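*Asks:* The structure's right below; bear with me while I get my questions together.
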Amino acid sequence: MLSRVISAAVIGIDGIIVEVEVDLSRGIPVFDIVGLPDTAVRESRERVRSAIKNSGYDFPIQRITINLAPGDIKKIGSHFDLPIAAGIMDACGQFKSDITNYLYVGELSLTGNLRGVKGVLPMALKARNHGLKGIIVPEENYLEASLVDNIEVIPVRKLSDLMYFFNKGKILSSVKKETAAVVEGDMSYSIDFSEVKGQQEAKRAMKIAAAGSHNLLMIGPPGSGKTMLAKRLRTILPPLAEEEALELTKIYSIMGLLGSEEGLMKERPFRTPHHSISTSGLVGGGRIPEPGEISLAHYGTLFLDELPEFQRNVLEMLRQPMEEGVVNIVRATMSASFPAQFMLIAAMNPCPCGYYGDDRHQCTCTGPQINKYRAKVSGPLLDRIDIQIEVPALSVEEITDKVNKGESSKYMRKEVIDIHQIQLERYKDEGFNFNSQLSGKKLQEFCQMEDQGMYLLKNAIDKLGLSARAYDRILRLARTIADMDKSDILKSDHVAEAIQYRSLDRKIDY
């Protein structure tokens, strides 16, 4: 007997259809799986056999051959358990109705219960686009699969539920039949920018970075508030669009970071990897390519605290994704692309001891030591950071002030959202949403500058030795500052402020 059921695999963040062909024939009882299965798929033989028997159904004492097609793509993961079991039971004639119009994913326990698996969302999207009637998933993955419209989602807790559905036409699962909530526009946080004393210049830089999705570097002594500022950036970011939320949810789905109670990602991610992270941990990789921290920060923020403490070769891997918004990983067995459109926020001390330029503490570092420390962050990487600011130590008056509070996150977020709306309207036909994504002809089209501004910019390029990339980034930054003033033209004060954020000197005179 021959049976055919549909499952799926995930490459990158997209699902691909995998046909599970089951053949039962006479001969010595053997259970073979072909079609480039990995270890987890090969081990499914024992799980499937025990699950079928312990669920009270007959397991064929025949030669069983499972083919996972297409045969030139590596099959990875335990989610093939359910389609293999369904195919075997169908080949034995245990189902009374056609089971071929559904996509099956799920890991089986030895008792026949279903466990949740990774990557259900991209698989459900592929099932819908492939024209299938529905997708059968473990109950734990129901909410995630329900994010996909126009497809029936059947949650099952155990193998017997599958039999009951096809033979009785009923679902035994008690999971609520409701779709996941849409993206909420107003999030509440336990932290607020009003809690940060002083640092008004840094707060403005944060607002500009959030409004235009610009990369930002803060340099200052210990205790000046760099980390405190960075952690509060998420409280003023604009809400996710539904398309952005769906793409972000796909990434977290394939990494198994969505809980059974979570559906669509509702807020922009904020990732803070430790400085001991490896290259594959940051940008993605592995024998089977998986996304790294920069992809988990997609449409959100990647915060690198103590920037010079990261391995230099790890930091250098950020350069291409920062420009292109995507990371391509190529391995011998497969290649994968992961989106990585993130905003980099970094913090560092000005010197090894941390107190260079601090009026209240004496720096003990020599000039060569400071230059060596700062040189851990390469010029090409710094060139890709739009805003570079100093965050000085607070004065005694600022520390002890209990009256004067800065802008609240709620007020700042409203202003950021207003500026974001201006960009959305301006770039509605361009395929991007933020000023930081301007390039080429579009940069010249949307960054018209008055003569005085051009004069300032030419002088800055000459005196500061700025590169062509830095020139483009100053224009993008000035465009965001102009949007904050509701100005269509880049004026001289907009350009001057943008230049100011690029003027940190990396060399120390001694």
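The values are calculated or read from the model by the stated rules, or taken from the named source; none is laboratory data. Keep in mind that what you see is a predicted model, and the values were worked out from it rather than measured. Neighbour counts run over all protein chains shown; Cβ positions are idealised from the backbone, glycine included.
*Asks:* Can you tell me which residue is modelled with the lowest pLDDT among those in the stretch 463-486 that are in a helix (DSSP H, G or I) and hydroxyl-bearing (Ser, Thr, Tyr)?
*Replies:* Among those residues, the one meeting the criterion is Tyr471.
*Asks:* Within the stretch 109-119, does at least one residue satisfy the condition of being loosely packed, with under 15 Cβ neighbours inside 10 Å, free of Cβ contacts under 8 Å to residues at least 60 places away in the same chain and not in a helix (DSSP H, G or I)?
*Replies:* Among the residues of the stretch 109-119, not one is loosely packed, with under 15 Cβ neighbours inside 10 Å, free of Cβ contacts under 8 Å to residues at least 60 places away in the same chain and not in a helix (DSSP H, G or I), which makes the answer no.
*Asks:* Limited to the stretch 399-424, what total is found for residues that are in a helix (DSSP H, G or I) and closer than 22 Å to Ser213 by Cβ?
*Replies:* Counting residues in the stretch 399-424 that are in a helix (DSSP H, G or I) and closer than 22 Å to Ser213 by Cβ gives 16.
*Asks:* Could you go through the stretch 51-70 and let me know if any residue there is surrounded by 23 or more Cβ atoms within 10 Å (Cβ to Cβ), touching a Leu at 6+ places or on another chain (Cβ under 6 Å) and either part of a helix (DSSP H, G or I) or among the small types (Gly, Ala, Ser) (or both).
*Replies:* Within the stretch 51-70 (the criterion being surrounded by 23 or more Cβ atoms within 10 Å (Cβ to Cβ), touching a Leu at 6+ places or on another chain (Cβ under 6 Å) and either part of a helix (DSSP H, G or I) or among the small types (Gly, Ala, Ser) (or both)), the answer is yes, since at least one residue qualifies.
*Asks:* Okay, next question. Report the residue count in the stretch 275-316 for those that are farther than 23 Å from Gly354 by Cβ and either surrounded by fewer than 19 Cβ atoms within 10 Å (Cβ to Cβ) or not aliphatic (A, V, I, L, M) (or both).
*Replies:* Looking only at that region, the number is 21.
*Asks:* I'd like the full set of residues that are farther than 18 Å from Lys414 by Cβ and either within 20 Å of the chain's Cα centre (by Cα) or part of a helix (DSSP H, G or I) (or both), limited to the stretch 206-234.
*Replies:* His214, Asn215, Leu216, Lys226, Thr227, Met228, Leu229, Ala230, Lys231
*Asks:* Give the residues of the stretch 353-370 that are surrounded by 13 or more Cβ atoms within 10 Å (Cβ to Cβ), without any contact (Cβ under 8 Å) to a residue 60 or more places away in the chain and not in a helix (DSSP H, G or I), sorted by residue number.
*Replies:* Within the stretch 353-370, Cys353, Cys363, Cys365 meet the criteria.
*Asks:* Write out, first by first residue and then by second, each pair whose Cβ atoms fall under 8 Å of each other, whose residues are 6+ apart or on separate chains, and whose first residue, in the stretch 371-385, is in contact (Cβ under 8 Å) with a residue 40 or more places away in the chain while the second is of a type in the set (Gly, Ala, Ser) and surrounded by fewer than 14 Cβ atoms within 10 Å (Cβ to Cβ).
*Replies:* Asp383/Ser467
Residue-by-condition table, conditions (1) part of a helix (DSSP H, G or I); (2) out of contact with any Lys or Arg (no Cβ under 8 Å at 6 or more places or on another chain); (3) within 18 Å of Gly93 (Cα to Cα):
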position	(1), (2), (3)
Arg4	no, yes, yes
Ser7	no, yes, no
Val22	no, no, yes
Ile28	no, no, no
Glu46	yes, yes, no
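*Asks:* Say whether the condition of being closer than 30 Å to His361 by Cα and touching an Asp or Glu at 6+ places or on another chain (Cβ under 8 Å) is met by at least one residue in the stretch 452-464.
*Replies:* no
*Asks:* Show the residue pairs that are 6+ apart or on different chains and have beta-carbon atoms under 8 Å apart, the first residue being within the stretch 232-245 and within 20 Å of Phe338 (Cβ to Cβ), the second being β-branched (Val, Ile, Thr).
*Replies:* Close Cβ pairs (under 8 Å, with a partner that is β-branched (Val, Ile, Thr)) amount to Leu240/Val183; Ala241/Val183; Ala245/Val183.
*Asks:* Do you know which residues across the stretch 71-106 are crowded, with 21+ Cβ neighbours inside 10 Å and of a type in the set (Ser, Thr, Tyr)?
*Replies:* Of everything in the stretch 71-106, those that are crowded, with 21+ Cβ neighbours inside 10 Å and of a type in the set (Ser, Thr, Tyr) turn out to be Tyr102, Tyr104.
*Asks:* For the stretch 85-108, which residues satisfy the criterion of being among the hydroxyl-bearing types (Ser, Thr, Tyr) and assigned to a loop (DSSP other than H, G, I, E, B)?
*Replies:* Correct list: Ser97, Thr100.
*Asks:* Would the stretch 253-261 turn up any residue that is over 14 Å from the mean Cα position of the chain (by Cα) and of a type outside the set (S, T, N, Q)?
*Replies:* yes
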